[in-house]
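Have a look at the structure below before the remarks.
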């Protein structure tokens with residue numbers, strides 16, 4: 001019986017599949033079977049696969065394209081103690097399986113072993129575009145399964161599927177299959193895996209993951225995938241809803257301790273509030289609203305929510321009017337606002353509140369709760385990636401209006417309106433001494449700057465540059 005089953009998926013990558021097959025067959029660890037499943041490729045992939053005459057290979061060709069091959073029926077025929085996924089456009093270092101098998105053999109408590117990743121381009125060269133979405137996706141850090149679940153929740157998938165080696169009994173018993181998911185199947189699997197099992201990421205770059213210039217990766221940054229991702233987040237939300245043990249829940253979400261009242265917490269309520277207040281995902285918001293509706297309709301939990309949180313059906317109605325989960329109002333009628341706060345001289349992402357608020361009759365109002373943070377400076381970003389003009393700006397701190405603020409970035413006054421010529425405008429408030437702040441409320445009249453004004457601004461900048469004026 002082979003120790004490892006390797007599944008190599010193939011679809012229209014005839015230019016790369018030789019390198020993938022040979023990087024598997026030449027592994028220093030030899031005790032494996034290799035399933036190669038060609039999903040009805042229309043190029044020469046199947047011809048290349050048939051050239052290999054190795055007893056460890058089981059080659060199967062689909063008569064029609066099925067869009068994948070990760071079915072329980074297929075896996076039930078695998079003989080390995082461990083299971084590894086490989087893709088026909090990626091490659092492995094020759095000692096990948098050896099190092100992973102050694103680790104799992106000596107750590108029976110670990111459900112799966114991943115590896116660090118080397119990105120490569122279409123030509124097999126190391127890929128080093130710092131601004132590419134994949135450049136900082138895959139992590140080689142190691143955390144507890146609870147920390148991984150927290151990280152997945154806020155940052156998405158950070159593990160590379162073709163780097164994985166999973167215990168076969170874990171794969172089958174925990175049903176690590178994601179039928180129907182086209183953008184987030186790996187993310188779904190890893191969340192489900194960490195609900196019960198520890199994982200390990202080997203620090204060596206044992207997997208070569210190819211980035212295609214045309215974004216043809218299954219998870220490429222295309223419009224179709226961007227839409228699909230948001231729809232599939234709902235399935236991720238449902239997995240987090242499976243965490244019912246109070247101790248486990250607080251290990252995953254230490255920030256939920258504020259929902260512990262007299263030693264008690266309703267984890268469904270706490271998860272819903274975290275999804276609503278701490279994440280931007282509409283699918284998470286949709287799951288959260290449905291959860292809260294069910295809780296206030298249930299005779300047992302509705303009384304518990306009143307006792308612990310003074311939360312009633314009236315509060316649910318308020319929230320369903322606040323979160324536009326079905327995108328009824330178009331994007332241009334929203335502002336993506338942020339408030340940064342610091343007790344020193346610099347701001348960081350760790351001290352940031354982000355809220356998306358609607359523009360109503362050319363007016364917005366946003367309320368940030370800082371829970372008594374000690375603050376030396378506040379930075380309000382009223383919007384991101386949009387040119388705006390403001391008037392009647394009002395900043396209130398714990399109920400008192402603050403008139404002392406600076407508008408950072410180039411701006412000009414025209415009548416009552418302040419035109420801010422930046423895609424990242426912000427208002428800065430400084431305090432003489434540290435100030436303990438519970439709540440900041442900002443409101444203003446707002447409009448988008450007309451294209452003709454933006455063109456006029458560009459002309460002004462051009463003139464200044466011509467005159468060698470440093471503005």
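To keep it simple, each residue is scored yes or no on (1) outside the structural domain of residue 110 (by TED's automatic domain parsing); (2) touching a strand residue (DSSP E or B) at 6+ places or on another chain (Cβ under 6 Å); (3) closer than 23 Å to residue 184 by Cβ; (4) part of a loop (DSSP other than H, G, I, E, B).
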{"position": "42", "(1), (2), (3), (4)": "no, no, no, yes"}
{"position": "55", "(1), (2), (3), (4)": "no, no, no, yes"}
{"position": "58", "(1), (2), (3), (4)": "no, yes, no, no"}
{"position": "74", "(1), (2), (3), (4)": "no, no, yes, no"}
{"position": "77", "(1), (2), (3), (4)": "no, no, no, yes"}
{"position": "83", "(1), (2), (3), (4)": "no, yes, yes, no"}
- Enumeration of residues in region 60-72 that are under 24 Å from residue 174 (Cβ atoms) and in contact with a strand residue (DSSP E or B) (Cβ under 6 Å, 6 or more places away or on another chain): 69
- Note on the structure: Note on region 344-392: residues surrounded by 13 or more Cβ atoms within 10 Å (Cβ to Cβ) and within 22 Å of residue 432 (Cβ to Cβ) are 347, 351, 368, 370, 373, 374, 375, 376, 377, 378, 379, 380
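With respect to residue 104, determine if the residue is over 24 Å from the mean Cα position of the chain (by Cα), more than 30 Å from residue 274 (Cβ to Cβ) and surrounded by 15 or more Cβ atoms within 10 Å (Cβ to Cβ). Can you show your working first?
Values: over 24 Å from the mean Cα position of the chain (by Cα): yes; more than 30 Å from residue 274 (Cβ to Cβ): yes; surrounded by 15 or more Cβ atoms within 10 Å (Cβ to Cβ): yes.
Considered against the rule, which asks whether it is over 24 Å from the mean Cα position of the chain (by Cα), more than 30 Å from residue 274 (Cβ to Cβ) and surrounded by 15 or more Cβ atoms within 10 Å (Cβ to Cβ), residue 104 comes out as yes.
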- Could you list all residues from region 342-381 that are over 18 Å from residue 398 (Cβ atoms) and touching a residue at least 60 places away in the same chain (Cβ under 8 Å)? 354, 356, 359, 362, 363, 364
- Condition broken by residue 397, with the remaining ones in (1) surrounded by fewer than 16 Cβ atoms within 10 Å (Cβ to Cβ); (2) modelled with pLDDT of 95 or more satisfied: (1)
- Query: Would it be correct to say that residue 283 is within 22 Å of residue 187 (Cβ to Cβ) and crowded, with 21+ Cβ neighbours inside 10 Å?
  - Reply: no
- Residue list for region 280-303, filter: out of contact with any helix residue (DSSP H, G or I) (no Cβ under 7 Å at 6 or more places or on another chain) and either part of a helix (DSSP H, G or I) or touching a residue at least 60 places away in the same chain (Cβ under 8 Å) (or both): 280, 290, 294, 297, 299, 300, 303
- Task: Tell me, yes or no, whether region 283-293 has at least one residue that is closer than 22 Å to residue 370 by Cα and under 20 Å from the mean Cα position of the chain (by Cα).
- Result: yes
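Among the candidates 432, 406, which residue alone is over 34 Å from the mean Cα position of the chain (by Cα), surrounded by fewer than 15 Cβ atoms within 10 Å (Cβ to Cβ) and over 30 Å from residue 274 (Cβ atoms)? It would help to see each step written out before you state the result.
Working: 406 fails: over 34 Å from the mean Cα position of the chain (by Cα).
Every option except 432 fails the conditions.
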- Any residue in region 122-130 that is in contact with a helix residue (DSSP H, G or I) (Cβ under 9 Å, 6 or more places away or on another chain), in contact (Cβ under 8 Å) with a residue 40 or more places away in the chain and part of a helix (DSSP H, G or I)? no
- Query: Hey, does region 39-49 have a residue that's surrounded by fewer than 16 Cβ atoms within 10 Å (Cβ to Cβ) and touching a residue at least 40 places away in the same chain (Cβ under 8 Å)?
  - Reply: no
- Query: Do we have any residue at all in region 80-101 that's touching a residue at least 12 places away in the same chain (Cβ under 8 Å), surrounded by 13 or more Cβ atoms within 10 Å (Cβ to Cβ) and farther than 22 Å from residue 159 by Cα?
  - Reply: yes
- Task: Please list, ordered by first then second residue, the pairs with beta carbon atoms under 6 Å, 6 or more apart or interchain, first in region 222-244 and under 25 Å from residue 212 (Cβ atoms) and not assigned by TED's automatic domain parsing to the domain that holds residue 194, second surrounded by fewer than 19 Cβ atoms within 10 Å (Cβ to Cβ) and at pLDDT 95 or above.
- Result: none
- Message: One residue is enough: does region 270-278 have a residue meeting the conditions in a helix (DSSP H, G or I) and without any contact (Cβ under 8 Å) to a residue 12 or more places away in the chain?
- Response: yes
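Which residue out of 314, 310, 297, 318 is more than 23 Å from residue 441 (Cβ to Cβ) and surrounded by fewer than 14 Cβ atoms within 10 Å (Cβ to Cβ)?
Working: 314 fails: more than 23 Å from residue 441 (Cβ to Cβ); 310 fails: more than 23 Å from residue 441 (Cβ to Cβ); 318 fails: more than 23 Å from residue 441 (Cβ to Cβ).
Testing whether each residue is more than 23 Å from residue 441 (Cβ to Cβ) and surrounded by fewer than 14 Cβ atoms within 10 Å (Cβ to Cβ) leaves just 297.
When you check residue 119 against the structure, is it surrounded by 16 or more Cβ atoms within 10 Å (Cβ to Cβ), in contact with a strand residue (DSSP E or B) (Cβ under 6 Å, 6 or more places away or on another chain) and part of a helix (DSSP H, G or I), yes or no?
No: the conditions fail for residue 119.
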- Does region 144-171 hold any residues that are at pLDDT 95 or above and surrounded by fewer than 16 Cβ atoms within 10 Å (Cβ to Cβ), and which are they? 144, 147, 169
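The values are calculated or read from the model by the stated rules, or taken from the named source; none is laboratory data. As the structure is a prediction and not an experimental result, all values here were calculated from the model. For neighbour counting, all protein chains shown are included, and Cβ atoms are generated from backbone atoms with ideal geometry for every residue, glycine included.
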